[in-house]
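Q: Quick one: the structure is below, questions incoming.
What follows draws every value from the coordinates through simple rules; no lab data is involved. Just so it is clear, the model here is predicted, and its values are computed rather than measured. Cβ placement follows ideal geometry from the backbone for every residue including glycine, while neighbour counts extend to all protein chains displayed.
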Amino acid sequence: MILDPFQRLGRTSLDFFERLGRGHLFLMHTLAGIPGLLLRPRLVIAQLYSVGVLTLLIILVSGVFVGMVLGLQGYNTLVDFGAEESLGVVVALSLVRELGPVVAALLFAGRAGSALTAEIGLMKATEQLSGMEMMAVDPMKRVVAPRFLAGFLSMPLLAAIFSAVGVYGGYFVGVGLLGVDDGAFWSQMQSKVDLHEDIFNGVIKSVVFGFVAAWIAVFEGYDAVPTSEGVSRATTRTVVHTALAILGLDFVLTALMFGG
Amino acid sequence: MKKASQQTSQPARHALVSVRGMRYARGDRFIFDGVDLDIRRGSVTAIMGPSGTGKTTLLKLIGGQLRPASGTVVVDGENVPELGIKALYELRKRMGMMFQSGALLTDLDVFDNVAFPIREHTGLSESLVRDLVLMKLQAVGLRGASKLMPNELSGGMARRVAMARAIALDPMLVLYDEPFTGQDPISMGVLIKLIRELNDALDLTSIVVSHDVKEAAAISDYVYLLSGGKVVDHGVPERLWESASQWSQQFLNGKPDGPVPFHYPAREYREDLLAGVRS
């Protein structure tokens, strides 16, 4: 009785590490399946459409609104110091360094990651993956690897699009509605936003987030208990684990890149 | 009927599939505990037994999707558990399997489902693929349904498509997992006819896992009865009904009580009622 909490803790820890190990082995198998996709680009293109293109709308809409909010909040703060002409810098740096990669990855997890998990989980529950194995077709190469690669490739592009439309959202509010000088908005942005330190680091973040988000999504689907409840739980886990992983990694990467 | 113990420990020469001393456990529980069986080339063999006896598991062991704890599962001269992934996939190209659910790829239509293994494993031109697929669909009577999606098919049609896909690469062995479950009499009649006719016309070897006794026995050349992790009886279907085994008689005649008891093990009834509160 007294030992019950310790036993539970021990069991939970063992389960966690066992799953972590399984996830890494799964990743190795997935990566091993990627070179073969060079010969079959159609498999990846089809997934780029469903993972990337179909996520575009939510990225565009969210990017515009996030940029508009940044423009509004930034203006209200900067105007007190008479520095409203720096609005372009504030909006651009906020987006390319942080909000672009992070918010795009969170949206990606909610829209594309959950869909990937549910699709693969349902394929498992309806024996489609077993059926492929019995037809001598490796589902890791045929199903998992193209989806992983499409997710990995899509994320940096989606993050870049998010940042770009966000800048235009900020421009619309700042210049269009609040009267910030058009030339100052762009010229200050151009002079203060550094290609390597800001944009390149933001791209690195989105590449890392894309890798992690796609990995979690395909692993959770493949590892799902093959029942409706199991797929539902796996889909939830994808969104929760991806969000936590992205926010945690964002801190680590920010500390490494900008920590001084 | 022969007793399981009468089988020799050597694989039979005429057997396409030969299982010897096979044990398979899930957790602490042994699903199979020393199974011996032979599947003769060119035959239709039924594997029957109550739900939960591991019939589908046996098919997965033959197909190499599961590995036994011990024993051999020899298919066409190759011991399946010892094969590497490449050799196993080569062997599977010579096998077809029809899953209970059909396991059709839901994002592909009927035509593309049947074409799937052909496109994956052969470099045939699309016009040749088309001819082959139409021939397979004609064999199962669904050439006219080639444009339908899996969600537009009835259960019986989905299994016929799965059957066409299973024979797409002209395999030597076809595994049928519960092909008759949940089928109406017409669909069942069609499936029974197809399994037998395809086996004979294409010179296949077929293993039908089922608990539909009459239907499976009607098309089988040989029957194995499984229970408690072992082969409890086997023989030709005509002699099946004459078995002296009480277990076989209960299973074949669907008797509610016998060696497999009606009541799940519990404490004495009177004692349980008088206990008053749930313990």
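Q: List pairs: first in the range A:117-133 and facing another protein chain (nearest Cβ under 9 Å) and touching a residue at least 40 places away in the same chain (Cβ under 8 Å), second part of a helix (DSSP H, G or I) and of a type in the set (Lys, Arg), Cβ under 6 Å, 6+ apart or cross-chain?
A: If the second residue must be part of a helix (DSSP H, G or I) and of a type in the set (Lys, Arg), no pairs are left.
Q: State whether one or more residues within the range B:163-186 are outside any loop (DSSP other than H, G, I, E, B), crowded, with 19+ Cβ neighbours inside 10 Å and away from every other protein chain (no Cβ under 14 Å).
A: The answer is no, given that none of the residues of the range B:163-186 is outside any loop (DSSP other than H, G, I, E, B), crowded, with 19+ Cβ neighbours inside 10 Å and away from every other protein chain (no Cβ under 14 Å).
Q: Please determine, by comparing only the residues of the range B:119-144 that are in a helix (DSSP H, G or I) and among the small types (Gly, Ala, Ser), which one is surrounded by the fewest Cβ atoms within 10 Å (Cβ to Cβ).
A: Selected residue: B:Ser127.
Q: For the range A:155-166, check the following and say yes or no: at least one residue is crowded, with 23+ Cβ neighbours inside 10 Å, within 30 Å of A:Asp223 (Cα to Cα), in contact (Cβ under 8 Å) with a residue 24 or more places away in the chain and polar (S, T, N, Q).
A: Within the range A:155-166, none of the residues are crowded, with 23+ Cβ neighbours inside 10 Å, within 30 Å of A:Asp223 (Cα to Cα), in contact (Cβ under 8 Å) with a residue 24 or more places away in the chain and polar (S, T, N, Q).
Q: Does A:Val102 fit the bill of being under 23 Å from A:Thr242 (Cβ atoms), more than 14 Å from chain B (Cβ to nearest Cβ) and either touching a helix residue (DSSP H, G or I) at 6+ places or on another chain (Cβ under 6 Å) or buried (at least 20 other Cβ atoms within 10 Å of the Cβ) (or both)?
A: When the stated conditions are applied, A:Val102 passes them.
For every residue, the table says whether it meets (1) touching an Asp or Glu at 6+ places or on another chain (Cβ under 6 Å); (2) free of Cβ contacts under 8 Å to residues at least 24 places away in the same chain; (3) under 20 Å from A:Ser94 (Cβ atoms).
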| position | (1), (2), (3) |
| --- | --- |
| A:Gly169 | no, no, yes |
| A:Asp181 | yes, no, yes |
| A:Trp186 | no, no, yes |
| A:Asp198 | no, no, yes |
| A:Val207 | no, no, yes |
| A:Asp250 | no, no, yes |
| A:Leu256 | no, yes, yes |
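Q: Select, from B:Thr72, B:Thr122, the only residue that is more than 21 Å from A:Thr126 (Cβ to Cβ) and within 13 Å of chain A (Cβ to nearest Cβ).
A: One residue alone meets the criteria, B:Thr122.
Q: Further question on the same structure: Can you tell me which residue in the range A:182-230 is nearest to A:Glu119 (Cα to Cα), limited to those that are surrounded by 23 or more Cβ atoms within 10 Å (Cβ to Cβ) and among the β-branched types (Val, Ile, Thr)?
A: Among those that are surrounded by 23 or more Cβ atoms within 10 Å (Cβ to Cβ) and among the β-branched types (Val, Ile, Thr), it is A:Val218.
Q: If you don't mind, there's one more thing I want to ask. What pairs come up if the first residue lies in the range A:88-105 and is of a type in the set (D, E, K, R), the second is crowded, with 22+ Cβ neighbours inside 10 Å, and their beta carbons are under 9 Å apart, counting only those six or more places apart or on different chains?
A: So the pair list comes out as A:Arg97/A:Gly202; A:Arg97/A:Lys205; A:Glu98/A:Gly202; A:Glu98/A:Lys205.
Q: Separate question: Which one is nearest to the chain's Cα centre (by Cα), of the residues in the range A:166-221 that are farther than 30 Å from A:Thr235 by Cβ and acidic (Asp, Glu)?
A: Among them, the one singled out is A:Asp198.
Q: For the range B:190-217, enumerate the residues that are surrounded by 14 or more Cβ atoms within 10 Å (Cβ to Cβ) and assigned to a helix (DSSP H, G or I).
A: Hits for the range B:190-217 are B:Val190, B:Leu191, B:Ile192, B:Leu194, B:Ile195, B:Arg196, B:Leu198, B:Asn199, B:Val213, B:Glu215, B:Ala216, B:Ala217.
Q: Residue check: is A:Arg97 within 14 Å of chain B (Cβ to nearest Cβ), out of contact with any strand residue (DSSP E or B) (no Cβ under 8 Å at 6 or more places or on another chain) and among the basic types (Lys, Arg)?
A: Considered against the rule, which asks whether it is within 14 Å of chain B (Cβ to nearest Cβ), out of contact with any strand residue (DSSP E or B) (no Cβ under 8 Å at 6 or more places or on another chain) and among the basic types (Lys, Arg), A:Arg97 comes out as no.
Q: Looking at A:Arg111, A:Arg142, A:Arg42, can you tell me which residue is of a type in the set (Lys, Arg), more than 14 Å from chain B (Cβ to nearest Cβ) and outside any loop (DSSP other than H, G, I, E, B)?
A: Of A:Arg111, A:Arg142, A:Arg42, the one residue that is of a type in the set (Lys, Arg), more than 14 Å from chain B (Cβ to nearest Cβ) and outside any loop (DSSP other than H, G, I, E, B) is A:Arg111.
Q: Could you tell me which numbered condition B:Lys147 fails, if it satisfies all but one of (1) among the basic types (Lys, Arg); (2) more than 14 Å from chain A (Cβ to nearest Cβ); (3) not in a loop (DSSP other than H, G, I, E, B)?
A: Only one criterion is unmet by B:Lys147, namely (3).
Q: Give the range B:103-114 a look and list any residue that's more than 8 Å from chain A (Cβ to nearest Cβ) and either in contact with a His (Cβ under 6 Å, 6 or more places away or on another chain) or buried (at least 24 other Cβ atoms within 10 Å of the Cβ) (or both), or say none.
A: Once the filter is applied, which keeps residues that are more than 8 Å from chain A (Cβ to nearest Cβ) and either in contact with a His (Cβ under 6 Å, 6 or more places away or on another chain) or buried (at least 24 other Cβ atoms within 10 Å of the Cβ) (or both), the range B:103-114 yields B:Val110, B:Asn113, B:Val114.
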